[in-house]
Amino acid sequence: MSKPLSDHDRRKQISVRGLAGIENVSDLKQNFNRHLHFTLVKDRNVATKRDYYFALANTVRDHLIGRWIRTQQYYYEKDPKRVYYISLEFYMGRTLQNTMVNLGLENACDEAMYQLGLEMEELEDMEEDAGLGNGGLGRLAACFLDSMASLGLAAYGYGIRYEFGIFNQKIVNGWQVEEADDWLRYGNPWEKARPEYMRPVHFYGRTEHHPDGVKWVDTQFFEGKELRLKQEYFVVSATLQDIIRRFKVSKFGSREIARTDFSKLPDKVAIQLNDTHPAMAIPELMRVLVDEEKLNWETAWDICVRTCAYTNHTVLPEALERWPVELFAHLLPRHLEIVYEINRRHLERVAAKYPGDVDRLRRMSLIEEGGQKRINMAHLCIVGSHAVNGVAQIHSDILKATVYDFYEMEPHKFQNKTNGITPRRWLVMCNPGLAEVIAERIGEDFIRDLDQLRNLIKFVNDEAFIRDIAKVKQENKMKFAVHLEEHYKVKINPNSMFDVQVKRIHEYKRQLLNCLHIITYYNRIKKDPNKQWTPRTIMIGGKAAPGYHTAKMIIRLITAIGEVVNNDPVVGDRLKVIFLENYRVTLAEKGIPAADLSEQISTAGTEASGTGNMKFMLNGALTIGTMDGANVEMAEEAGEENLFIFGMRVDDVEALDKRGYHAEEYYNRLPELKQAIDQIAGGFFSPKQPDLFKEIVNMLMHHDRFKVFADYEDYIKCQEKVNALYKNPKEWTKKVIYNIAGCGKFSSDRTIAQYAREIWGVEPTLEKIPAPDDKH
Ligand SMILES: *Cc1c(COP(=O)(O)O)cnc(C)c1O
């Protein structure tokens, strides 16, 4: 394999990575050396690669400081409405390269490092991922921060600085093994502690009711077990104290008015709850307004509802938060009283509107009775918010149907905000070659206005453009192949189709359906080894929750299939199966630009939106997928004929549920499916432990909630169409171009502009805050 261009050489050819004057280079070198000396206290004789990374990070960080302070001053003066995005997860990944890209400093830094004899990509690889999230929900929060800043909103993300991020995944003998992620071990140059703003957060204790109000006393600092609930209350309590501190020093607070006028809070503050995890913001805001600020309940409740908004991320019942009342009573006794009072008044309103409908009261209560009493946090969020949104149109529609009683009573609350991704990280940073080819045709404005990608349609028959797009993909594939060889000692054929499914391992995402295709394709090659099979490298990656046994068995099955397929000389390099170890933001950035085919194959109605699907689309992969989540809107935007859509629609799934899903019918009717299942069940992929996968087979045959077999036949046929098109590279690349051209909607800039106008009541701008003097 010929070695691809070095990053330095590639960058020199690429303008989208920042033209910030080459005159910066000598300043950058000087500041880098200054940090190496004064911050790291090292010279070049003893400095390690990590020291160089820290010196560069500090150099780049300096370019943020002036802007940061100027932004604070500007917002203090203008006192715009503030947006608070509260999330238990911010899946940030790395910061150095992203900051250079957003500041337009990347080329200049690269040149500076080059002149100092250092390879910038090597230094970038020293940075730990900030893995403070699990998957899509946390990554969405991170993309939103990028877009809120880019659109000039006075917005803040509030979350927890966990000492350990999501575990590192090792694959040992085919099994997932979890390792602690000690990401702060060497320090974090991207943070600034503010201990001067430290506030107490209370737990446990009891309530005392006095004539002049309620006191929460005898609280303790945290120890004990209820860690998750503590984390949720911790972030909410600290955040609200900071929100109120800032409100009180603002013009509408006591700065210009004698007493803080809380009736203005909803005009000056919007709080967005990322799922129910920060739902405690609702009773906590009520506690502050009623117990501490002495507002009456009705006034406080009106303020609370007009301030808060809630985003729902799933309708899978096992993911809904329902906290036992007992736990609440112990940890947060005052909040339990408040939740009960919210519920009493809420049920009073329901009863007034629907007299005599007792069952409706039971369905709509915030407190679930029967067995252990639980608080339904989604119900609390719906009642306590003025806006409730799903994350893709199909999901928002399903949400309305799922909580129909609430929708019927307050239809005006329900909205849709289709998710998006930031084109800075997910195109310009991770795929500069593609960004450059696009910029050569339509200019660079698409980076902040992704709808302009539509202008690419006129190049869809342009031979040179088709060639350029295909060439970038081939280069990205070569580079990823080299990465895999270096890190995992696997050799892959860069001329094969890179067929990629990366996401959390979960039954609803149906990695098992992918496995059944792999086995079927393998059996077909074995049966007719001389046919011209389209070569495929199938890569699957993702973490299984440590306590989710079935997900861990799915990983074991994938690695077992790989052991057999990859070592079969009859198959050769026409089919390889690779488990991508430790999938995380940084691996997504390396792998997605190299993908030809994106697998988005969840059971219709289960994937709320997906954002991985959008990253692949923007990076020039074609999608094989079901009509689920944002796939539906991707097909609308790119043209359904430019995606490989297969399988049941939501209606079909519901109809099948009514008829009854019987896996054995498919098993008996489809010989290739039967063969694949018999092989898994009979130990073909686990000869030393023939019954290793018996639970998986039993699940698929007898209690598969996600109906894998029902979509098998159509999926296999659809994969045949994928193979046929891949044999025609020009037609393939034309579809890629239609997909890239249809990506505009999936910018998180569009998503955030809609949240701003339709929920938060603020206006996004591209107006620049007057630039500070960057010189010190
Ligand atoms: C985008 C992203 C996800 C979400 O992927 P889905 O396919 O939408 O589930 C998960 N993990 C990482 C690291 C991501 O970057």
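The values are calculated or read from the model by the stated rules, or taken from the named source; none is laboratory data. These numbers come from a predicted model, not from an experiment. We place every Cβ from the backbone using ideal geometry, glycine too, and count neighbours over all the protein chains shown.
The set of residues from segment 114-154 being of a type in the set (Phe, Trp, Tyr) and either crowded, with 19+ Cβ neighbours inside 10 Å or within 14 Å of the ligand (Cβ to nearest atom) (or both) comprises just one member, 144.
Among the residues of segment 54-74, are any among the hydrophobic types (A, V, I, L, M, F, W, C) and within 16 Å of the ligand (Cβ to nearest atom)? Taking every residue of segment 54-74 in turn, none turns out to be among the hydrophobic types (A, V, I, L, M, F, W, C) and within 16 Å of the ligand (Cβ to nearest atom). The residues of segment 153-184 that are within 25 Å of residue 281 (Cα to Cα) and either touching a residue at least 40 places away in the same chain (Cβ under 8 Å) or of a type in the set (Gly, Ala, Ser) (or both), listed by number, are 153, 154, 155, 156, 157, 158, 159, 160, 165, 166.
The residues of segment 231-247 that are touching a helix residue (DSSP H, G or I) at 6+ places or on another chain (Cβ under 9 Å), closer than 16 Å to residue 162 by Cα and either modelled with pLDDT under 95 or polar (S, T, N, Q) (or both) amount to a single one, 239.
Looking only at residues in segment 263-322 that are more than 15 Å from residue 376 (Cα to Cα) and basic (Lys, Arg), the one that is surrounded by the fewest Cβ atoms within 10 Å (Cβ to Cβ) is 294.
Looking at segment 403-454, which of its residues are basic (Lys, Arg) and closer than 30 Å to residue 382 by Cα? Selection gives 413, 417. Of all residues in segment 360-406, those satisfying the criterion of being in a strand (DSSP E or B) and within 26 Å of residue 633 (Cα to Cα) are 387, 388, 389, 390.
Scan segment 162-213 for residues that are touching a Leu at 6+ places or on another chain (Cβ under 8 Å) and not in a loop (DSSP other than H, G, I, E, B) and the total you get is 1. Scan segment 626-644 residue by residue and report those that are under 20 Å from residue 425 (Cβ atoms) and in a loop (DSSP other than H, G, I, E, B). Within segment 626-644, 630 is the sole residue that qualifies. For residue 74, state whether it is over 14 Å from residue 105 (Cβ atoms) and modelled with pLDDT under 95. Yes; evaluated as a whole, the condition is true for this residue.
Within segment 547-555, identify whether any single residue is more than 16 Å from the ligand (Cβ to nearest atom), modelled with pLDDT of 95 or more and hydroxyl-bearing (Ser, Thr, Tyr), and answer yes or no. Checked segment 547-555: at least one residue is more than 16 Å from the ligand (Cβ to nearest atom), modelled with pLDDT of 95 or more and hydroxyl-bearing (Ser, Thr, Tyr).
Scanning segment 504-542 for residues that are basic (Lys, Arg), surrounded by fewer than 24 Cβ atoms within 10 Å (Cβ to Cβ) and within 16 Å of the ligand (Cβ to nearest atom) gives a single hit, 504. Among residues of segment 455-483 that are under 11 Å from residue 591 (Cα atoms) and in contact (Cβ under 8 Å) with a residue 40 or more places away in the chain, those with a beta-carbon under 7 Å from a residue that is assigned to a helix (DSSP H, G or I) and among the charged types (D, E, K, R) at least six positions away or on a different chain give the pairs 480/590; 483/590. For beta carbons closer than 7 Å, sequence separation of 6+ or different chains, a first residue in segment 560-584 that is under 19 Å from residue 502 (Cβ atoms) and basic (Lys, Arg) and a second that is away from the ligand (no atom under 16 Å from the Cβ) and part of a loop (DSSP other than H, G, I, E, B), the qualifying pairs are 576/492.
Residues in segment 77-96 that are more than 16 Å from the ligand (Cβ to nearest atom) and either in contact with a Pro (Cβ under 6 Å, 6 or more places away or on another chain) or not basic (Lys, Arg) (or both): 8 in all.
Considering only residues in segment 590-609 that are out of contact with any strand residue (DSSP E or B) (no Cβ under 7 Å at 6 or more places or on another chain) and part of a helix (DSSP H, G or I), the one that is nearest to the ligand (Cβ to nearest atom) turns out to be 592. Here 287, 255 are screened, and the one residue that is of a type outside the set (Val, Ile, Thr) and at pLDDT 90 or above is 287.
When segment 610-625 is filtered for residues that are within 13 Å of the ligand (Cβ to nearest atom) and either part of a helix (DSSP H, G or I) or not hydrophobic (A, V, I, L, M, F, W, C) (or both), the ones remaining, listed by number, are 610, 611, 612, 613, 614, 615, 616, 617, 618, 619, 623, 625.
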